[in-house]
Amino acid sequence: MNQINITEIDVGGPETESLVLEALRSGRLASGPLVERLEDGFAAYIGVDHVIAVNNGTTALVAAIEASGIGPGDEVITSPFTFVATVNAILEAGAVARFADIGDDFNLDPAKVESLIGPATKAIMPVHLYGQCADMAPFMALAAEHGLAVIEDAAQAHGATYRGACAGTFGVGCFSLYATKNMTTGEGGFVTTNDADLADRVRVLRNQGMRARYQYEVAGHNWRLTDIQAAIGIPQLATLDDKVAARRSNAAYLTNGLAGIDGLQTPVVMESRGHVWHQYTVRVDPASGVTRDDLAERLTEHKVGSGIYYPKVVYDYDCYRGNPSVIPGAVPNAFAAAEQVLSLPVHPNLDADDLDRVISSVRSTFD
Ligand SMILES: *Cc1c(COP(=O)(O)O)cnc(C)c1O
């Protein structure tokens with residue numbers, strides 16, 4: 001029986017190998033024309049005016065915050081149910097993180113955000129968790145009403161749509177190109193925006209605050225991506241649609257096969273969202289007598305990989321307790337989700353036998 005992995009990393013084929021070799025032979029190992037080609041390609045892919053490639057997704061978030069003029073004393077409202085980078089980026093930028101609860105889609109709930117907005121609030125940062133867009137229309141309305149920036153943590157949502165528009169085209173988009181994400185350069189990230197001035201600030205900050213050679217405008221950073229990394233990413237722009245289609249078809253197969261199990265909730269896809277299924281995440285109702293950990297254990301016995309994203313509310317760690325820049329919220333839905341979620345394999349390399357084994361293993365746990 002083969003092991004079915006929760007993720008498989010696709011490093012591309014001969015086209016990727018020849019582009020990486022071309023980068024090596026060009027002698028341009030740092031940032032150069034291939035980074036620009038990758039930026040232009042992603043801009044066209046999601047339909048945004050400006051894409052700035054950076055060295056990872058966490059940097060993209062820090063860059064978006066800093067370029068939005070947000071820093072010490074300013075507050076950012078975000079999701080308590082996310083990868084730790086979301087919070088670490090807010091802290092790295094010197095700002096304060098506040099948390100509103102999540103909804104059935106596991107994303108920040110706009111209805112819970114409004115009451116947290118105060119004079120120090122400068123941005124709302126929804127996370128498009130697992131590849132499904134947060135409910136952007138109410139966030140954009142709230143932001144317009146209160147004069148706030150919207151920073152999208154789209155690290156898991158390359159090509160995900162909301163009412164036909166891609167993640168990363170609403171506010172300032174922040175993408176990750178980490179090895180396990182739907183699109184990868186090993187390590188890497190994008191900032192995306194339709195605001196030319198903001199794009200300009202990110203470009204200057206990315207390169208030591210330098211506009212022209214030795215003309216420093218601000219104290220900047222080294223946030224640059226390399227051409228070798230870009231060479232890994234460029235060919236994926238052409239294959240991303242097919243891979244997302246495979247993820248969608250796998251997700252539909254799983255949802256069909258897992259229907260009607262008492263105590264198991266399959267993922268909720270909200271109206272007008274194009275989910276890209278970075279993760280396929282079920283919920284186990286503890287009242288069913290089966291726990292999330294029971295399910296994970298049974299899957300392991302059947303050589304089916306699974307993952308807990310995420311086992312705790314993001315700030316519920318000793319390293320954040322007592323930190324005046326991390327303000328816990330009333331977030332019962334996030335605490336419940338952290339105890340109940342389990343992600344099942346949905347990646348494009350699964351075949352029908354694999355999917356059937358995932359389904360039968362899950363079903364056997366509840367029999
Ligand atoms: C991966 C991820 C990040 C960080 O991206 P890196 O490229 O690993 O720095 C941020 N937010 C979320 C939700 C992520 O999944």
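A few remarks follow.
- For the chain, built as a Gaussian network whose Cα springs stay under 10 Å, the top-fluctuating residue of Met136, Met125, Met183: Met136
- Amide N of the stretch 115-151 lying under 19 Å from the label point, which is placed 7 angstrom from the Cα of Thr255 along Cα→Cβ: 128-136
- Semi-axis lengths (Å, descending) of the ellipsoid that matches the C-alpha gyration tensor of the stretch 275-367: 30, 16, 11
- Calculated on C-alpha atoms, the gyration radius of the chain divided by its Kirkwood radius gives an Rg/Rh of 0.98.
- Highest GNM mean-square fluctuation among Phe175, Phe99, Phe83, for the chain modelled with Cα contacts below 10 Å: Phe83.
- Debye intensity ratio I(q)/I(0), log10, the stretch 169-262, q values 0.13, 0.23 Å⁻¹ (C-alpha model): -0.64, -1.19
- Spin-label model, Leu29/Ala219: points 7 Å from Cα along the beta carbon direction are separated by 3.0 nm.
- For the chain: relative contact order, % (alpha-carbon pairs under 8 angstrom, 6 or more apart): 23
- Using C-alpha pairs below 8 Å separated by at least 6 residues, the relative contact order for the stretch 296-367 is 47 percent.
- Derived scalar couplings between HN and Hα for the stretch 197-211 equal 5, 5, 4, 4, 4, 5, 4, 5, 4, 4, 10, 6, x, 9, 8 Hz in order, rounded to whole Hz, by the Karplus curve 6.51 cos²θ - 1.76 cosθ + 1.60 (θ = phi - 60°), x for Gly and Pro.
- In this structure, the pairs whose alpha-carbon distance is over 30 Å, taken from Lys112/Lys303; Lys122/Lys312; Lys181/Lys303, are Lys112/Lys303.
- Note, ³J(HN,Hα) from phi for the stretch 229-237, Karplus 6.51, -1.76, 1.60, rounded to Hz, x at Gly and Pro: 5, 4, 5, 6, x, 4, x, 6, 4
- Calculated mean residue ellipticity at 222 nm for the chain: -11500 deg cm²/dmol, from DSSP H runs with n ≥ 4 weighted as -39500 (n - 2.57), summed, divided by the residue count and rounded to 500.
- When the Gaussian network model of the chain links Cα atoms closer than 10 Å, the mean-square fluctuations of Val76, Val282, Val51 top out at Val282.
- Counting only aspartates and glutamates at least 8 places from Lys243 when in the same chain, those with an alpha carbon closer than 18 Å to its own are Glu8, Asp10, Glu15, Asp351, Asp354.
- Computed 3J(HN,Hα) for the stretch 150-165, one whole-Hz value per residue from the Karplus formula 6.51 cos²θ - 1.76 cosθ + 1.60 where θ = phi - 60°, is 10, 10, 8, 7, 9, 4, 10, 10, 4, x, 5, 10, 9, 6, x, 9, glycine and proline marked x.
- Working from Cα pairs under 8 Å separated by at least six residues, relative contact order for the stretch 118-187 is 28 percent.
None of the figures in this text is laboratory data; all of them are computed from the coordinates on show. Note that the coordinates shown come from a computational prediction; the quantities given were computed from them, not determined experimentally. Cβ coordinates were reconstructed from backbone atoms using ideal geometry, including for glycine residues, and neighbour counts include every protein chain displayed.
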